[in-house]
Amino acid sequence: NTTQTSIASYFKKE
Amino acid sequence: MLEARFGETLLLKKIVDALKEIISQSTLDCTETGMQLQSMDNSHVSLVALSLQTEGFEKYRCDRNVSLGLDLKSLAKVVKSASGDDAVTLTAADKADKLLLSFESDNKSRTADYELKLLNLDQDHLGIPETNYACIVQMPSSEFARICRDMSMFSESVVISCTKQGIKFSANGDMGSANIKLSDTSKGDITIDVDEPITQSFAGRYLNTFTRATPLSDRVKICLAPDVPLLVEYPIEDYGYIRYYLAPKVDE
């Protein structure tokens with residue numbers, strides 16, 4: 001089973 | 001003030017088509033070096049980044065930075081009303097609440113002006129770190145579109161495995177499984193550069209949406225690295241690129 005990660009967890013807010 | 005002229009409305013149509021299925025509203029940031037747009041989809045699973053440099057435009061002038069809050073469905077309606085080979089000029093004042101789009105037919109016998117209301121969008125801007133990708137694959141964009149379409153019939157998830165031998169797309173679902181392998185070709189239509197092999201799982205629905213950009217370019221570049229989002233990049237003529245980033249699925 002896989003779970004979808006969030007793009008915001010890889011790219012930080014500027 | 002901003003003034004930017006595309007030689008053909010068709011290109012703007014293709015750009016809007018490549019954006020509108022994944023994001024509904026976004027800010028187009030215009031500076032003297034060109035136009036940039038960055039947005040996550042509503043679910044914050046993917047991010048799209050558009051860059052249009054001044055070199056591609058027939059005419060480009062931007063004295064002061066302007067941010068244009070766009071509703072992409074509305075923009076799509078306006079662009080659809082023009083003929084593909086019309087030239088189109090985008091004009092906005094420094095603190096604009098509307099964007100003017102002026103379409104001009106080939107022999108200038110027909111002009112059409114539209115004013116589009118702009119939105120006040122409060123958007124997060126994400127920093128995308130420089131990444132050394134472990135695998136970089138280039139292939140015809142039509143081939144990638146075909147693979148994404150075929151894979152999504154089988155499963156929600158698509159597993160992409162890349163080794164020196166080639167790139168493999170796999171899907172496994174209730175009706176069965178599908179595997180498509182591509183290897184480096186001497187013709188050069190598929191190139192595969194691998195520093196280290198990688199296997200990652202992605203949502204096929206998003207990959208499919210990215211292929212809305214297929215009309216923009218004959219070629220697509222797919223970049224993978226461990227524990228970072230997938231990058232799918234379509235070059236846009238002399239203008240720049242549209243890039244899609246997709247967060248991987250991970251084992252629970």
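Computed from the C-beta positions of B:Arg5 and B:Thr185, the FRET efficiency with R₀ = 35 Å rounds to 0.35.
Cysteines in chain B that lack a partner Cβ within the 4.7 Å cut-off: B:Cys30, B:Cys62, B:Cys148, B:Cys223. Across the stretch B:139-148, computed HN-Hα scalar couplings (Karplus, 6.51 cos²θ - 1.76 cosθ + 1.60, θ = phi - 60°) run 8, x, 5, 5, 5, 5, 4, 5, 5, 4 Hz from first to last residue, x flagging Gly and Pro. Based on Cα contacts under 8 Å between residues 6+ apart, the stretch B:68-226 shows a relative contact order of 22 percent. Cβ-Cβ distance of B:Glu252 and B:Ser43, R₀ of 30 Å, FRET efficiency by 1/(1 + (r/R0)^6): the value works out to about 0.95. Running a GNM on chain B with Cα contacts under 10 Å, which residue among B:Leu121, B:Leu28, B:Leu11 ends up with the highest mean-square fluctuation? Largest GNM mean-square fluctuation: B:Leu121.
Would you mind calculating the relative contact order of the stretch B:1-144 from Cα pairs under 8 angstrom and at least 6 residues apart, reporting the percent as a whole number? Rounded, it is 28 percent for the stretch B:1-144.
Extension gain, B:Thr199-B:Asn107: 0.36 nm per intervening residue step, less the Cα-Cα distance, totals 27.8 nm. Compactness check for the protein assembly as shown: Cα Rg over 2.2 N^0.38 Å is 1.07.
Seen against the Cα atoms of chain B and their longest principal axis, helix B:9-20 is set at about 50 degrees. About the centre of its Cα atoms, chain B shows a dipole size close to 580 debye [charges on the beta carbon of Lys, Arg (+1) and Asp, Glu (-1) only; nearest 20 debye]. Think of it as helices only: each DSSP H run of n ≥ 4 in the protein assembly as shown is worth -39500 (n - 2.57), and spread over all residues that comes to -4500 deg cm²/dmol at 222 nm. Close amide H contacts of B:Leu28 (hydrogens built in the peptide plane, cut-off under 5 Å, sequence separation of 5 or more or a different chain): B:Leu68, B:Gly69, B:Leu70. Hey, in the GNM for chain B with a 10 angstrom Cα cutoff, which one of B:Val79, B:Val88, B:Val228 fluctuates hardest? Result for chain B, Cα springs under 10 Å: B:Val228 fluctuates most.
Do me a favour and compute the ellipsoid semi-axes for the stretch B:171-252 from its Cα gyration tensor, root of five times each eigenvalue, largest one first, whole Å.
Numbers: eigenvalues 104, 57, 45 Å².
Output for the stretch B:171-252: semi-axes of 23, 17, 15 Å.
Both radii were evaluated on the Cα set of the stretch B:91-237; the Rg over Rh quotient, with Rh as the Kirkwood radius, amounts to 1.11. Think of the stretch B:110-190 as having a plus end and a minus end, set by charges on the Cβ of Lys, Arg, Asp and Glu; of B:Ser142, B:Ser152, B:Gly166, B:Gly166 sits farthest toward the positive end of this dipole. Taking the charge dipole of the stretch B:1-155 about its Cα centre, with +1 at Lys and Arg Cβ atoms and -1 at Asp and Glu Cβ atoms, the residue from B:Ser105, B:Val88, B:Leu11 reaching farthest to the positive side is B:Ser105.
Which whole number gives the average, over all residues in B:240-248, of C-beta atoms from other chains lying within 10 Å of the residue C-beta?
Going residue by residue through B:240-248 and averaging, the value is 2.
Note on B:Lys221: lysines with a C-alpha under 19 Å away, same-chain residues under 8 apart excluded, are B:Lys14, B:Lys164, B:Lys168, B:Lys181, B:Lys187. When the Gaussian network model of chain B links Cα atoms closer than 10 Å, the mean-square fluctuations of B:Leu47, B:Leu230, B:Leu126 top out at B:Leu126. Remark: the protein assembly as shown carries a charge dipole of roughly 500 debye about the Cα centre, counting +1 on each Lys and Arg Cβ and -1 on each Asp and Glu Cβ. Whole-percent P(r), chain B, all Cα pairs, 5 Å bins from 0: 1, 6, 12, 16, 18, 14, 11, 9, 7, 4, 1, 0, 0.
Read the figures in this text as sums done on the coordinates, not as results from a lab. What you see is a predicted model, and the numbers here were worked out from it, not measured in a lab. Here the Cβ is made from the backbone with ideal geometry for all residues, glycine too, and neighbour counts use every protein chain on show.
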